[in-house]
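This structure is in structure tokens; I'll ask about it shortly.
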Amino acid sequence: MSHVSDLRFLSEKSDAGDAVGVEWVAAQSFNYGRGTHPDAAGFRIDVIPVEKGDRADARAALRTHALPQLGEWMDRALMAGET
């Protein structure tokens, strides 16, 4: 979580049926000052609402499949040269 710059709990459902969205936010230089602000880079994670009847299945799928894959993807992204 130390590399997550933004965690949002959205109120609208995903058209694709996703429960989690993740985006890498690259460091950006700003027009003021020098360099980049450390909070400007990292991962943005969006938690998308799931229908009440589907929540138990979604939670199990997230714990079993999605979150371990997300952790591995984040580890690889942090070690990549372009980050």
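Can you name the number of the only condition in (1) modelled with pLDDT of 80 or more; (2) in contact with an Asp or Glu (Cβ under 8 Å, 6 or more places away or on another chain) that Val25 fails?
All conditions pass for Val25, except number (1).
Next up: Can you tell me which residue in region 46-83 is modelled with the lowest pLDDT, limited to those that are outside any helix (DSSP H, G or I) and exposed (fewer than 10 other Cβ atoms within 10 Å of the Cβ)? Spell out the reasoning first.
First, pick out the residues of region 46-83 that are outside any helix (DSSP H, G or I): 46-51, 80-83.
Now drop any that are not exposed (fewer than 10 other Cβ atoms within 10 Å of the Cβ), which leaves 51, 80-82.
Working: Glu51: 87, Ala80: 79, Gly81: 73, Glu82: 65.
Residue satisfying both the conditions and the ranking: Glu82.
Now for a different question. Go through region 40-75 and report how many residues are basic (Lys, Arg) and within 10 Å of Ala19 (Cβ to Cβ).
Number of matching residues: 2.
So, one more: Restricting the search to region 1-23, which residues are within 12 Å of the chain's Cα centre (by Cα) and touching a residue at least 24 places away in the same chain (Cβ under 8 Å)?
Those that are within 12 Å of the chain's Cα centre (by Cα) and touching a residue at least 24 places away in the same chain (Cβ under 8 Å): His3, Val4, Ser5, Asp6, Leu7, Arg8, Phe9, Ala19, Val20, Gly21, Val22.
The values are calculated or read from the model by the stated rules, or taken from the named source; none is laboratory data. From a predicted model like this one, the values you see are computed outputs, not experimental measurements. Every residue, glycine as well, gets a Cβ built from its backbone with ideal geometry; the counts of neighbours run over all protein chains shown.
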